[in-house]
1. Hey, what does the equivalent ellipsoid look like for the range 230-271, semi-axes from the Cα gyration tensor as sqrt of 5 times each eigenvalue, largest first, whole Å?
2. Could I get the Rg over Rh figure for the range 1-60? Both from C-alpha atoms, Rh via Kirkwood, rounded to two places.
3. Could you list the square roots of 5 times each eigenvalue of the Cα gyration tensor of the range 17-156, that is, the equivalent ellipsoid semi-axes, sorted largest first and rounded to whole Å?
4. Distance from the Cα centre of the range 11-36 to that of the range 199-247, in angstrom?
5. Averaging over all projection directions, find the projected area of the Cα convex hull of the range 212-254 and quote it in nm² with one decimal place.
6. Would you calculate the convex hull of the Cα atoms in the range 44-104 and tell me its volume per residue in Å³?
7. Return the calculated 222 nm mean residue ellipticity for the chain, to the nearest 500 deg cm²/dmol, obtained by summing -39500 (n - 2.57) across DSSP H runs with n ≥ 4 and dividing by the residue count.
8. How large is ³J(HN,Hα), in whole Hz, for each residue of the range 279-285 in order, when computed from phi with the Karplus curve 6.51 cos²θ - 1.76 cosθ + 1.60 and θ = phi - 60°, using x for Gly and Pro?
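The values are calculated or read from the model by the stated rules, or taken from the named source; none is laboratory data. Remember, it's a predicted structure, so these values are computed and weren't measured experimentally. Quick reminder, even Gly has a Cβ in these numbers, built from the backbone with ideal geometry, and neighbours come from all protein chains shown. With ligands, DNA and RNA removed, areas are computed over all heavy atoms of the protein, side chains included. Shrake-Rupley method; radii C 1.70, N 1.55, O 1.52, S 1.80 Å.
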Amino acid sequence: MTGCIEYKLNQGPEDTISAVKFSPSTAQFLLVSSWDCTVRLYDVAANSMRMKYKHSDPVLDCAFYDPTHSWSGGLDAQLKTHDLNTDQDTIVGTHDAPIRCVEFCPEVNVMVTGSWDRSVRLWDPRTPCNAGTFTQPEKVYTLSVARDRLIVGTAGRRVLVWDLRNMGYVLQRRESSLKYQTRCIRAFPNKQGFALSSIEGRVAVEYLDPSPEVQKKKYAFKCHRLKENGIEHVYPVNAISFHGTHNTFATGGSDGFVNIWDPLNKKRLCQFHRYPTSIASLAFSNDGSLLAIASSYMQEQGDISHPEDAVFIRQVTDAETKPK
């Protein structure tokens, strides 16, 4: 693959891609979950699928716990952990409705799931077992972990900030600063804030510190909008992924574009070429050298013919991702 800036993964999923997640320790391995009811492990360096395992229904999210264990959940409401060395499944537990989000918090050593049953559940990955259920005001659409803080985005444009070391009460209850439904929340690598995207071509940059002088720094901007024949088309911003060292982030929209943003200087650093269809998920590798891009039709216009679902691996450079 040397000399190649971008390539498509072989043996891609056969239905809409719900998530792409790189290994926490290497840029070599990538998990991909899909509506085809599978979670696939790829060796991206060799461009080969190492293994896949199945749920009984579409999978909505997946995450690495460590380099050899993946966790996943979806419409079957079952939380699975899979040993990537032995190819063995364990059903850890269930929600009362589909599981939408699966994340690992290394600082507290806990897996976090968010569900349409209006709850967040914590799981001890060592046993593995349930370590608590915490009611949310509405269905959970997205969540992200920032050190020991958990940021949850629900229906009704609500945003809740929890302390994973003390889940007895909600630290902060917020309303999204965007007028439309929340699609994705991702925490800054420096843990000081988060980016939030909506279904209406906008991203907000928010800060966790509730003091007025810090809150003054928050802002929002329009993106993923295209003028065609004099009419502006506005697209959902489905995906956000942060570059681990530069604190810049990529966004992907249903317009098929990927943009890289510098949130501190409020600038777009670059835009890649247009992909065949909607960008459903994005993930930078741990070292920031690669960006996994899921180009996958998300049924925005119903059941119509559409380009095949694909994961592209793009080698990214400092020129594209580093603040200028």
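1. Working: eigenvalues 92, 28, 11 Å².
For the range 230-271, the ellipsoid semi-axes come out as 21, 12, 7 Å.
2. 0.99
3. On the way: eigenvalues 106, 51, 39 Å².
Semi-axes (√(5λ), whole Å): 23, 16, 14.
4. 24
5. Its average projected convex-hull area is 4.6 nm².
6. Details: hull volume 5.5 nm³, N = 61.
Spread over its residues, the Cα hull of the range 44-104 gives 90 Å³ apiece.
7. Working: 2 runs with 8 residues, N = 324.
That comes out to -500 deg cm²/dmol.
8. 8, 8, 7, 9, 8, 7, 6
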